[in-house]
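Enquirer: Got a structure for you, written out below as structure tokens; questions coming shortly.
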Amino acid sequence: MSAPRFDEIGYWSEIKLDIVRKYAQAYSTILAKQKAIQRYLYVDAFAGPGIHISRRTGEFIPGSPLNALHVNPRFTEYHFIDLDGDKAQHLRSLVGDDRTVNVHQGDCNSILLDVVFPRATYEDFARALCLLDPYGLGIEWRVVEKAGKMRSIELFLNLMVMDINRNVLWKDPNRVPCSQLERMDACWGDRSWRDLLYRRPDGLLPGLELEEKVGNEAVAAAYRQRLQKVAGFAYVPEPMPMRNSRGAIVYYLFFASPNKTGAKIVDDIFAKYRDRGVP
């Protein structure tokens, strides 16, 4: 096994870790008191090696998997997934022989659908909190929709608008490569995004084909509506814009849940961070 590459993460990524950690603590506290629940899972689909390097301090900091393992009361099961074999193996070395922890190496879309989600069915009185935090458009809509239809899974989901703007929503949409269109289709679920994320400027004469792409807020609003109306999540709070060191929005952190209580807790957590500026 070669040494994994530890990601350097910025201020807003550290905020994301705090948000997920705080909700994981609240979630586990609530689920542990529900005697009818047979098991509840913590799932990280892009788990990495388990630790990161803070760009602000240069120090190692725990990632989502280690934060989740320190939640008390503990989750019944943990499922950590990464495509990179070295990162998955390093994470295995950190968690040791804990039999409640499952580290999977491979494509998270298939592993979630085939291995993890069947462990969290509503009918089996099982539940799951799942973090879907790719660097780009790495989560397929079929996974998100399946989670919504199951009514037993709550999601934190990263919609990478920087990737969308850079590779898909071009000034001339007819020049976008087919490979990028297919990536966007997989993320969105179909090509309905094409009519939602472009618009004709006001006052344009009939017959002209000129279009312009919508802004980040409109992209986020359209995806939020899709989480509710297509995937079937009952509660989707307004997403949290996550920024880079220059203050530009890189992605939106969504929360989607079948439960009003969970959405209220996350809405309150989001509110504490929403107006943070650039450090």
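Enquirer: Please list, in chain and number order, the residues 5+ apart from VAL103 or on another chain whose amide H is under 5 Å from its amide H, with Hs placed from the backbone.
Expert: Placed amide hydrogens put PHE80 under 5 Å from VAL103.
Enquirer: Here is a follow-up. Evaluated at 20 °C with a viscosity of 1.002 mPa s, what Stokes-Einstein diffusion coefficient in µm²/s does the stretch 83-132 have when Rh comes from the Kirkwood expression over alpha-carbon pairs?
Expert: Approximately 175 µm²/s, per Stokes-Einstein.
Enquirer: Give the shape of the stretch 210-276 as rounded, prolate or oblate, defined through the alpha-carbon gyration tensor: a ≥ b ≥ c are the square roots of its eigenvalues, a/c under 1.5 means rounded, and otherwise the shape is prolate if a/b is larger than b/c and oblate if not.
Expert: Taking the square roots of the gyration eigenvalues as a ≥ b ≥ c, the stretch 210-276 is oblate.
Enquirer: Which whole number of Å³ per residue matches the convex hull of the alpha-carbon atoms in the stretch 1-156?
Expert: With only Cα atoms used, the stretch 1-156 gives 108 Å³ per residue.
Enquirer: Continuing with this model, one more query. For the stretch 63-110, report the translational diffusion coefficient in µm²/s to the nearest whole number, using Stokes-Einstein at 4 °C, 1.567 mPa s, and a Kirkwood Rh over Cα pairs.
Expert: 116
Enquirer: I've got another one for you. Provide the per residue accessible area, probe 1.4 Å, for the stretch 125-279, rounded to a whole number of square angstrom.
Expert: 50
Enquirer: Going down the list LYS149/LYS171; LYS22/LYS149; LYS33/LYS146; LYS171/LYS264; LYS33/LYS272, which pairs span over 32 Å between their C-alpha atoms?
Expert: Pairs exceeding 32 Å: LYS149/LYS171; LYS171/LYS264.
Enquirer: Let me ask something else about it. I'd like the projected area of the chain, averaged over all directions, using the convex hull of its alpha carbons. Report it in nm² with one decimal.
Expert: Mean shadow area of the hull around the Cα atoms is 16.2 nm².
Enquirer: Moving on. So what is the orientation-averaged projected area of the stretch 145-279, using the convex hull of its C-alpha atoms, in nm²?
Expert: Result: 9.7 nm².
Enquirer: With label points built 7 Å along Cα→Cβ from the Cα atoms of ARG5 and LYS171, find their separation and express it in nm.
Expert: Computed distance between label sites ARG5 and LYS171 equals 3.1 nm.
Enquirer: Using a 1.4 Å probe on the protein heavy atoms, what percent of the accessible area of the stretch 5-126 belongs to carbon and sulfur?
Expert: Of the solvent-accessible surface of the stretch 5-126, carbon and sulfur hold 49 percent.
Enquirer: Quick check on the chain: of the DSSP beta bridges with both residues there, what percent are antiparallel, nearest 5%?
Expert: Here the antiparallel bridges make up roughly 40 percent for the chain.
Enquirer: Using only Cα atoms, locate the centre of the stretch 1-32 and the centre of the stretch 236-279, then give the distance between them in Å, rounded to an integer.
Expert: The distance from the Cα centre of the stretch 1-32 to that of the stretch 236-279 comes to 14 Å.
Enquirer: Now for a separate question. Once you wrap a convex hull around the alpha carbon atoms of the stretch 119-199, what is its projected area averaged over all directions, in nm²?
Expert: Here the figure is 5.9 nm², rounded to one decimal.
Enquirer: When a/c is below 1.5 the answer is rounded, else prolate if a/b is larger than b/c, else oblate, so apply that to the stretch 26-84 with a ≥ b ≥ c taken from the square roots of the Cα gyration tensor eigenvalues.
Expert: Oblate is the answer for the stretch 26-84, as a/c is 1.5 or above yet b/c matches or exceeds a/b.
Enquirer: Okay, next question. For a Förster distance of 45 Å, can you work out the FRET efficiency between the beta-carbons of GLN225 and GLU59, rounded to the nearest 0.05?
Expert: The value I calculate is 0.65.
Enquirer: OK, next. Please identify the helices of the chain, taking whole runs of DSSP H, that span at least 27 Å along their own axis as judged from the Cα atoms and have a mean Kyte-Doolittle score of -1.0 or higher.
Expert: In the chain, the long hydrophobic H runs are 11-32.
Enquirer: Spin-label point model (7 Å from Cα, Cβ direction): what's the SER110 to TYR122 distance in nm?
Expert: So the two model labels end up 2.9 nm from each other.
The values are calculated or read from the model by the stated rules, or taken from the named source; none is laboratory data. Because the structure is predicted, anything quoted here is derived from the model rather than measured. So basically every Cβ, Gly included, is an ideal-geometry build from the backbone, and we count neighbours across all protein chains shown. For accessibility, only protein heavy atoms count, side chains too; no ligands or nucleic acids. Shrake-Rupley method; radii C 1.70, N 1.55, O 1.52, S 1.80 Å.
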